[in-house]
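The values are calculated or read from the model by the stated rules, or taken from the named source; none is laboratory data. The structure displayed is predicted, hence computed values, not measured ones. All Cβ positions, even for glycine, are placed from backbone atoms using ideal geometry, and neighbour counts span all protein chains on display.
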């Protein structure tokens, strides 16, 4: 047997490795979250990991009016104070032209055209000297400089993307798709799973084997026929082929194999005596199901419900094919994807938009993680 | 807006109560039609019909949405773009001669090799490490979290990571920022053929590792203590125990996890659509099919042919699954 001290090093290594992996996994999401609350300009000009440090903003101000110049031994001098420094910002660097707006460090003297010399201090005081000729013109000269912008956070991106990015409406559309498309298959599958586990009928095992086969059928094979079927039915009865009812039904069909499989495995594991006793006592199958099996199957129902909820909420393909892409039907994922196309470099819109699409699943996920894990395990390990 | 919400709520109510009403009423009608007498032949008839009431709706949906479409798609794949004329194997011949399809097949194979393998390996590693750590539960929650994020959301997250600003500008994508910090040259990585495929795969690995971790974690806990204790007494090192005792015992689970992720990978669509839309040689089957379904007026023949290729690639897994189930049922 190894002594406990032998295990200290491996334990430390394991801990360090785990921390590295966790950091690797959380950094992408963290970047999204931080970026979504950053100021739009700061986001475009610096990495999100610098969000907590000062960022450097480059601007210009005009000096005092040429009328205020004074003549000294050095030449004509314009002196004064940059206004932004009065509000507490620290000047970092400065320059004399648009092309080189922040070339010299504060305190230095910068040689500019016609022999003029510019000095800017970190407190914002400046001195602009023209040795050869007086300052002229009707306005002050431009002084370019950069200053330290302390980190600032804002929720503006969210209001922008909810209203102008139309994610607010899309959020409601997604809820409209998700709730029925989650509840309907759960109900349907619960009845079927009961029949598959406790009601003897001809061909039962073959049918259930078929359900297992359907677990892996790619939904891509269903798209073309269903699209044609929907438009035929729509034409025949004179309604739009794309709509919520069609999507609910599609998600029901696609979700059923897993739902039946999970719940049947669970119900089959319930004590046989319990169900047989109830049957002998004269309870009908309907009663046994609603009064005994269903209440006992709540864990399985819950895990599939979470499953299906996440699946439907996060789905893009089914929504693209069976729903209209106009404002009244577009779902979050589709709208976010559209934003990726139209506003591909506006990261303040994309990051806050992405966060809106993932917030509800994350809440559901973290509050009901136990059920979700149980369902996953039941679905794969036997 | 409020009008929209109201109609949504009404629709939800109709949908949900409609289903409940069906089961309740059909069950009642069956009881009423064939009276509740204890006369055995009637009783038997009633109990023969009832299961079909229970499984009926589910079977109807499964048939309409999954079974019938497979055959219809197969049939449509032998027809032209409007499904008007029979064209025999033309769509398949076109497909196998299409250079884009060759790239697509290569990419799908690559996805199939890389993503399930890496996800399973990382999942196993994290499950093992987390078991030894005091903070294992929190760590597992964090690794598991991407499972809740949509593929499109994940694509935005990672596109931001891969973001490229022109050389000389500040890199706000963390990948290029790191490269620049180490003195490298920033690049628009998503447009670099071949390697961009791997960048897209990273996203799915990031999402699926949590799944592998949870399942394999459960399997690890199921390994009998005695086998490990016996090995410790025999003087085996921890590494030996892991590879020679633990891994062989959880091998069946590893295979299940690998295949489950493999099936998902075959159907990967959202990530490619959102990240590159198949540009720069990153096309995959599911996206190619979507492309053909909606490119211009849509070519249902070619789209169907691609869907059939996709379907054929899962058939082996399907047969294996059914066999496994039948074996287990016999063992019960």
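For this structure, a couple of remarks:
- Residue list for segment A:170-204, restricted to those being surrounded by fewer than 23 Cβ atoms within 10 Å (Cβ to Cβ) and over 36 Å from the mean Cα position of the chain (by Cα): A:197, A:198, A:199, A:200, A:201, A:202, A:203, A:204
- Checking each residue of segment A:291-310 against the condition of being farther than 26 Å from residue A:184 by Cα and touching a residue at least 24 places away in the same chain (Cβ under 8 Å) gives no match.
- Qualifying residue in segment A:323-333 (condition: within 11 Å of chain B (Cβ to nearest Cβ), in a helix (DSSP H, G or I) and over 22 Å from the mean Cα position of the chain (by Cα)): no
- Some residue of segment A:291-307 being at pLDDT below 90, outside any helix (DSSP H, G or I), under 30 Å from residue A:228 (Cα atoms) and touching a helix residue (DSSP H, G or I) at 6+ places or on another chain (Cβ under 9 Å): no
- Segment A:29-59, residues that are closer than 24 Å to residue B:145 by Cβ, within 20 Å of the chain's Cα centre (by Cα) and outside any helix (DSSP H, G or I): A:37, A:38, A:47, A:51
- Residues of segment A:162-201 satisfying the condition of being in a loop (DSSP other than H, G, I, E, B) and either within 8 Å of chain B (Cβ to nearest Cβ) or in contact with a strand residue (DSSP E or B) (Cβ under 7 Å, 6 or more places away or on another chain) (or both): A:199, A:200, A:201
- Failed criterion for residue B:90 (all others in (1) at pLDDT 85 or above; (2) surrounded by fewer than 18 Cβ atoms within 10 Å (Cβ to Cβ); (3) at the interface with chain A (Cβ under 8 Å from one of its Cβ atoms) hold): (3)
- Number of residues in segment B:189-207 that are surrounded by fewer than 18 Cβ atoms within 10 Å (Cβ to Cβ) and either outside the structural domain of residue B:108 (by TED's automatic domain parsing) or within 12 Å of residue B:280 (Cα to Cα) (or both): the value is 5.
- Single residue of B:241, B:254, B:271 found to be more than 9 Å from chain A (Cβ to nearest Cβ) and under 30 Å from residue A:335 (Cβ atoms): B:271
- Segment A:333-347 residues that are more than 16 Å from residue A:164 (Cβ to Cβ), paired with ones that are in a loop (DSSP other than H, G, I, E, B) (beta carbon under 8 Å, 6 or more apart): A:333/A:315; A:333/A:316; A:333/B:150; A:334/A:316; A:334/A:323; A:334/A:325; A:337/A:316
- Residue satisfying condition, being surrounded by fewer than 22 Cβ atoms within 10 Å (Cβ to Cβ), at pLDDT 90 or above and within 10 Å of another protein chain (Cβ to nearest Cβ), within set A:207, A:256: A:207
- For segment A:152-169, a tally of residues being surrounded by 21 or more Cβ atoms within 10 Å (Cβ to Cβ) and either at pLDDT 90 or above or more than 15 Å from the chain's Cα centre (by Cα) (or both) returns 0.
- Residue within segment A:60-70 that is without any contact (Cβ under 8 Å) to a residue 40 or more places away in the chain, in a loop (DSSP other than H, G, I, E, B) and either in contact with a helix residue (DSSP H, G or I) (Cβ under 8 Å, 6 or more places away or on another chain) or exposed (fewer than 13 other Cβ atoms within 10 Å of the Cβ) (or both) present: no
- Residue within segment B:117-129 that is free of Cβ contacts under 8 Å to residues at least 24 places away in the same chain, at the interface with another protein chain (Cβ under 8 Å from one of its Cβ atoms) and closer than 22 Å to residue A:25 by Cβ present: yes
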